[in-house]
Amino acid sequence: MNKAIYPGSFDPATYGHIDIIRRSAAIFDELTVSVLDNMRKTSLFSVDERVNILKELTKEFDNVRVASYSGLLADYCKSVGAHVIIRGLRAVTDFDYELQMAQTNRILSDAGVDTVFLTTDLRYAYLSSSTVREVAGFGGDISEFVPPYVAKLTYAKFGKNL
Ligand code: ADP
């Protein structure tokens, strides 16, 4: 079975993430969307909240699971028997960091894990979770960025009932 991991912060999940999930779920037998539990990074949503949001957004996909992980991604992949990491590329600005991470994970996994990049759908090339947080914080319209369910939860974090 061809298993892949799609790791990230997903704080919160956007239409860009959902697009990458849909496309990679069509390529691999099983896809696990994995929320990084990074204690050094402050986040808007807790890890459990992010996992629950992703579960709701991916419930239509039979071969997609959602989980969280902490520690080294290469170790996590090994522990769940995945040989592929999925990452999305939006622009050249993503490339340097992603290339470095892909090479590091390949070395740390003894060439047991490869990273597969999907280029963003052009509709979402500008989109990031930080933009969503920033716009929502000012009460701006995030309906083009995230599904209504995520928008409601995001506004609530800022004490807004929009
Ligand atoms: P991280 O903090 O690990 O970068 P993110 O949640 O920001 O986590 O992103 C997870 C993955 O999804 C990354 O590979 C990122 O490039 C990709 N991604 C984020 N936004 C988009 C988008 N709009 N289109 C395509 N890929 C995206």
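The values are calculated or read from the model by the stated rules, or taken from the named source; none is laboratory data. Fair warning: this is a prediction, and the values are worked out from it, not measured in the lab. Here the Cβ positions follow ideal geometry from the backbone for every residue, glycine too, while neighbour counts run over all protein chains shown.
Looking only at residues that are part of a loop (DSSP other than H, G, I, E, B) and of a type in the set (Asp, Glu) in region 26-44, which one is farthest from the ligand (Cβ to nearest atom)?
ASP29
Being among the polar types (S, T, N, Q), under 21 Å from ARG50 (Cα atoms), at pLDDT 95 or above and exposed (fewer than 12 other Cβ atoms within 10 Å of the Cβ) narrows it down to one of SER143, SER68, SER129, so name that one.
After applying the criteria, what remains is SER143.
Please state which one of ASN161, ASN105 is surrounded by 11 or more Cβ atoms within 10 Å (Cβ to Cβ) and either within 14 Å of the ligand (Cβ to nearest atom) or part of a loop (DSSP other than H, G, I, E, B) (or both).
ASN105 is the lone residue from the list that is surrounded by 11 or more Cβ atoms within 10 Å (Cβ to Cβ) and either within 14 Å of the ligand (Cβ to nearest atom) or part of a loop (DSSP other than H, G, I, E, B) (or both).
Check LYS41, LYS55 and return the single one that is surrounded by fewer than 19 Cβ atoms within 10 Å (Cβ to Cβ) and touching a residue at least 12 places away in the same chain (Cβ under 8 Å).
After ruling out the rest, the residue left standing is LYS41.
Which number in (1) in contact with a helix residue (DSSP H, G or I) (Cβ under 9 Å, 6 or more places away or on another chain); (2) more than 20 Å from ARG87 (Cβ to Cβ) marks the one condition that PRO148 misses?
Failed condition: (1).
Among the residues of region 77-96, is there at least one that is farther than 23 Å from LEU44 by Cβ, part of a helix (DSSP H, G or I) and under 17 Å from the mean Cα position of the chain (by Cα)?
Yes, because at least one residue in region 77-96 is farther than 23 Å from LEU44 by Cβ, part of a helix (DSSP H, G or I) and under 17 Å from the mean Cα position of the chain (by Cα).
Being among the aliphatic types (A, V, I, L, M), farther than 27 Å from ASP29 by Cα and in contact with a Phe, Trp or Tyr (Cβ under 9 Å, 6 or more places away or on another chain) is the requirement here; does ILE85 meet it?
It is false that ILE85 is among the aliphatic types (A, V, I, L, M), farther than 27 Å from ASP29 by Cα and in contact with a Phe, Trp or Tyr (Cβ under 9 Å, 6 or more places away or on another chain).
Could you tell me how many of the residues in region 113-122 are within 9 Å of the ligand (Cβ to nearest atom) and in contact with a helix residue (DSSP H, G or I) (Cβ under 8 Å, 6 or more places away or on another chain)?
Narrowing region 113-122 to residues within 9 Å of the ligand (Cβ to nearest atom): 117-121.
Retained after the next criterion (residues that are in contact with a helix residue (DSSP H, G or I) (Cβ under 8 Å, 6 or more places away or on another chain)): 117-118, 120-121.
Summing the residues that are within 9 Å of the ligand (Cβ to nearest atom) and in contact with a helix residue (DSSP H, G or I) (Cβ under 8 Å, 6 or more places away or on another chain) in region 113-122 gives 4.
Here's a check for you: in region 88-102, which residue that is near the ligand (Cβ under 9 Å from one of its atoms) and among the hydrophobic types (A, V, I, L, M, F, W, C) is farthest from ALA13 (Cα to Cα)?
Across region 88-102, the extreme among qualifying residues is MET101.
Do we find a residue being more than 23 Å from PRO148 (Cα to Cα), part of a helix (DSSP H, G or I), of a type outside the set (A, V, I, L, M) and without any contact (Cβ under 8 Å) to a residue 60 or more places away in the chain anywhere in region 6-25?
No, that holds for no residue.
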